[in-house]
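*Asks:* Below is the structure I would like to discuss, written out as structure tokens.
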Amino acid sequence: MFSVLDTCARFILLGKLVFDDFGLLDPITVRRVCTDLPTQKILGKALNNAPNILLHFIHSCPDLEKNLVELADTRCSDPAETCKAKQELVHSFAFELLREKAPALYDALPWHDWDFSIVTDKFRLWRTKLLLCGEGTTVTIEKCRRTAGVYVLEPVEIIARYLEKKGGLEKVKRLKVLRSSSENIPLGPNSVELAIADSVGENPDKAFKELARVSSNILVLCTRPEGLCPPVKWFCEHGFTQDSVRVNPTGAALPCWWFSKSLD
């Protein structure tokens, strides 16, 4: 098994990722980059010599303009130090950069191709409406051809359009892509029978409340090496039951969690 560091390095080579690719990031991800405390010091060094990225960040998050300008004003006279800072940032956000730069390539990541029988063993697809959110929806969507309907949450416009196109190519019927996130779902109570989330975002409590409102059951996958999954304690406190799912083609068994209103 590769470590997360090894995996990021391979993504950088695979996607030919460079610091200028930060200009492709959507506002939600830009905010994550700008507010991530461990990256603040290196972010200032990198932005000091990248006015195009600084402007993109400011346009994406106008409320952070003052902080970003102050960060970018960090004096860094050593070109080698600036280059190192940019490389470290690319490494830290390799997953996000690859997703924006090459969605189709991102689809090929092995942990997104998980064994869907964990769902079909519990639900009859032809009478089940699904909600997909989080990472890997571009892969999972092709497994939903025979469902009673599928909603996909995707706040990033370029990915949303890609999902709609892929859904058509894969002949997924009754598909609707919603330009939103798991923290604000534009659906009524109990709209679906199963919500599948690969990670639950940066605000798991809010996401869980929304997912439990619109869905009778929730399956949270933790397949990505560096995903946004809460600790085991959080799942236990919220009434989840632990399970495992096999990831293709590696065959590795990775953790997942089930929640059902019927158990309350």
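The values are calculated or read from the model by the stated rules, or taken from the named source; none is laboratory data. What you are looking at is a predicted structure, and each value in this text was computed from that prediction instead of being measured. Don't worry about glycine lacking a Cβ; one is built from the backbone with ideal geometry, like all the others, and counts go over all protein chains shown.
*Asks:* Looking at 201, 136, 188, which is the one that is of a type outside the set (Val, Ile, Thr), at pLDDT below 90, in contact with a helix residue (DSSP H, G or I) (Cβ under 8 Å, 6 or more places away or on another chain) and farther than 17 Å from residue 116 by Cβ?
*Replies:* 201
*Asks:* Quick one: how many residues across region 43-59 are within 14 Å of residue 78 (Cα to Cα) and surrounded by fewer than 20 Cβ atoms within 10 Å (Cβ to Cβ)?
*Replies:* 3
*Asks:* When residues of region 132-164 are filtered for being within 15 Å of residue 219 (Cβ to Cβ) and over 15 Å from the mean Cα position of the chain (by Cα), how many remain?
*Replies:* Selection size over region 132-164: 5.
*Asks:* While we're looking at this one, here's another question. Tell me, yes or no, whether region 110-120 has at least one residue that is farther than 20 Å from residue 247 by Cα and either crowded, with 22+ Cβ neighbours inside 10 Å or modelled with pLDDT of 90 or more (or both).
*Replies:* No: region 110-120 contains no residue that is farther than 20 Å from residue 247 by Cα and either crowded, with 22+ Cβ neighbours inside 10 Å or modelled with pLDDT of 90 or more (or both).
*Asks:* Shifting gears a bit: Is at least one residue of region 224-242 at pLDDT 95 or above, surrounded by fewer than 14 Cβ atoms within 10 Å (Cβ to Cβ) and not polar (S, T, N, Q)?
*Replies:* Looking for residues that are at pLDDT 95 or above, surrounded by fewer than 14 Cβ atoms within 10 Å (Cβ to Cβ) and not polar (S, T, N, Q), one finds none in region 224-242, hence no.
*Asks:* Oh, and also: If we scan region 205-223, do we find a residue that is at pLDDT below 90 and hydroxyl-bearing (Ser, Thr, Tyr)?
*Replies:* Among the residues of region 205-223, at least one is at pLDDT below 90 and hydroxyl-bearing (Ser, Thr, Tyr), which makes the answer yes.
Per-residue answers, yes or no, for (1) at pLDDT 90 or above; (2) of a type in the set (Asp, Glu); (3) within 30 Å of residue 148 (Cα to Cα); (4) part of a helix (DSSP H, G or I):
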{"site": "39", "(1), (2), (3), (4)": "no, no, no, yes"}
{"site": "44", "(1), (2), (3), (4)": "no, no, no, yes"}
{"site": "71", "(1), (2), (3), (4)": "no, no, no, yes"}
{"site": "76", "(1), (2), (3), (4)": "no, no, no, no"}
{"site": "87", "(1), (2), (3), (4)": "yes, no, no, yes"}
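*Asks:* Another question, then. Does residue 167 satisfy the condition of being more than 18 Å from the chain's Cα centre (by Cα) and surrounded by 21 or more Cβ atoms within 10 Å (Cβ to Cβ)?
*Replies:* In short, yes.
*Asks:* Continuing with the same structure: Identify all residues within region 21-38 that are surrounded by fewer than 19 Cβ atoms within 10 Å (Cβ to Cβ) and farther than 18 Å from residue 158 by Cα; write none if there are none.
*Replies:* Filtering region 21-38 down to residues surrounded by fewer than 19 Cβ atoms within 10 Å (Cβ to Cβ) leaves 23-24, 26-28, 31-32, 35-38.
32, 35, 36, 37, 38, listed by residue number.
*Asks:* Looking at region 171-190, can you tell me whether even one residue there is within 27 Å of residue 145 (Cβ to Cβ), touching a residue at least 60 places away in the same chain (Cβ under 8 Å) and buried (at least 21 other Cβ atoms within 10 Å of the Cβ)?
*Replies:* no
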